[in-house]
Every structure is written in C-alpha cells, then in structure tokens.
1. Can you name every residue in region 173-231 that is outside any helix (DSSP H, G or I) and under 32 Å from the mean Cα position of the chain (by Cα)?
2. If only one of 117, 150 is part of a loop (DSSP other than H, G, I, E, B), among the aliphatic types (A, V, I, L, M) and either at pLDDT 95 or above or surrounded by 14 or more Cβ atoms within 10 Å (Cβ to Cβ) (or both), which one is it?
3. So, residue 132, is that one touching a helix residue (DSSP H, G or I) at 6+ places or on another chain (Cβ under 7 Å) and part of a loop (DSSP other than H, G, I, E, B) or not?
4. Just checking, which of 165, 124, 142 is surrounded by fewer than 17 Cβ atoms within 10 Å (Cβ to Cβ), farther than 19 Å from residue 98 by Cβ and modelled with pLDDT under 90?
5. Looking only at region 101-114, which residues are part of a helix (DSSP H, G or I) and either among the β-branched types (Val, Ile, Thr) or open to solvent by 70 Å² or more (accessible area, probe 1.4 Å) (or both)?
6. Could you go through region 42-55 and let me know if any residue there is under 21 Å from residue 177 (Cβ atoms) and touching a residue at least 24 places away in the same chain (Cβ under 8 Å).
7. Suppose we filter region 81-97 for residues that are open to solvent by less than 20 Å² (accessible area, probe 1.4 Å), touching a residue at least 40 places away in the same chain (Cβ under 8 Å) and in a helix (DSSP H, G or I); how many remain?
8. Identify the residue in region 169-226 that is of a type in the set (Gly, Ala, Ser) and farther than 13 Å from residue 49 by Cβ and, among all such residues, is least open to solvent (accessible area, probe 1.4 Å).
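The values are calculated or read from the model by the stated rules, or taken from the named source; none is laboratory data. Note that the structure is predicted; figures quoted are calculated from it, not measured. Methodologically, a virtual Cβ is constructed for each residue, glycine included, from the backbone with ideal geometry; neighbour enumeration extends over all protein chains shown. Protein only, heavy atoms only, side chains kept; ligands, DNA and RNA dropped before computing areas. Shrake-Rupley method; radii C 1.70, N 1.55, O 1.52, S 1.80 Å.
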Amino acid sequence: AEAAMACLAVDPTILLVVVGVLTFVITFCGCVGSLRENICLLQTFSVCLTVIFLLQLAAGVLGFVFSDKARGKVSEIINGAIVHYRDDLDLQNIIDFGQKEFSCCGGISYKDWSQNMYFNCTAANPSRERCSVPFSCCLRDAAEVVINTMCGQGMQAMSYLEASAFIHTNGCIDKLVNWIHSNLFLLGGIALGLAVPQLVGILLAQILINQIRDQVKLQLYNQQHRADPWY
C-alpha cells in the first residue's frame, strides 16, 4: 500500500486530473455565479482564487528564502520518480523528455539510477538492465536514424570519465537550477501572467457581489415603501 501511494504521488496523470477537477469546480462557481447572480457561488469563486494566489505567492517566497530545502524537496521528488520509472508510462515519458532536453542523467549523477530495481547495480539483480541507464541519458548522434534504446547498457559500472564518452553524467537537479537562474525574467513573466488574471477575477467578483447586494437592498427598500400607506 505504501509503495502504491508513493507511485501515485509522482504520477503525472493523477496530478493533471486533480488540477483539472479543481479548475472545473472553480470556473463553474464563477460562471454560474455571475450568470445567476448568486452571491454564495461568487464568494466561493473569489475565495478559491485568493487562496490559490496566496499559495503561489507563499511557494515562490519560501522557495527563494529556503532554496536549500526546496532543492532537497526537488531532489526527493526526482529520486521518487526514478524509483517508479518503469511503473508508469507517462512518468517514464516525462523523465525521458526532461533528460533529453536538459542533457542530464539522474538527480545528482547518472549513478542515481541504481535506486531503480531494474537498473540497480547489485550482483543479485537479475534484470537485463542491471547497471544500465535509460536511453534518454545517451549522447545524441545527429547521424543516427534509429534510436538505440540499449545505448545505456552497463554505464553505471563505468567511471565518470569513461561513461562521459557515451552518456550525460551530470544530474538533472544542477541543470534545472542553472536553467532557472538563466531564465528568471521568463519565469517572472509567466508568474505575472498567472497572477494578473487571478487578481482581475477576484476584483471583478467582488465588484459584482457588491452590485448584487446593492440591488437587493434597493428592492427591499422599494418593497417596504410600497407597503407603506403614506408612500
């Protein structure tokens, strides 16, 4: 059961489903609330957007202030993904894509793949992939027409210098950190692009809520005065 929960924690399909459901619920509250002029749904929409915005802001600040702990958490997630590499095809494709795009292998180094039961380098491992790494770690050959999926065979048994002639030996964590430092303006623009619509949504929801309340007060006022015989 514990292994299954650990696998679910790094399953991109589960993550996308959860994000999709939350997006649908929040959007439903905002859309139906504005169409029906329902204060309860509009307040739910506004509160959810506010909570999401604050969580994003807190995550950014904490990630910047506690960068070492954030790096450790990222390393933990990557190691968990390595362990469950063969358990989920979507996760496998994401890891292969990341290693090819960043020209890296493993978390800290290519030897991290020994954490996977299929690539484990112990003598007791009966797998044909023992001491290997995924093909996405291999150096690319522009002239290669057919991808050699066994190019990482036995690479963990080699030293860094020997393996560097065939695969990327540097880990993906350092590559990811370097990429973030090189693209701070891009990431800042993306964060701003996500924050502005959320703030606009919160503002418009509050304006509409106040307008609905004013209309309700006006209707009550008119009803009271119509019932007044001296009106």
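1. Within region 173-231, just 183 meets the criteria.
2. Step by step, each of 117, 150 is checked, and only 117 is part of a loop (DSSP other than H, G, I, E, B), among the aliphatic types (A, V, I, L, M) and either at pLDDT 95 or above or surrounded by 14 or more Cβ atoms within 10 Å (Cβ to Cβ) (or both).
3. yes
4. Exactly one residue qualifies, and that residue is 142.
5. 101, 111
6. No, region 42-55 has no match at all.
7. The total comes to 3.
8. Selected residue: 171.
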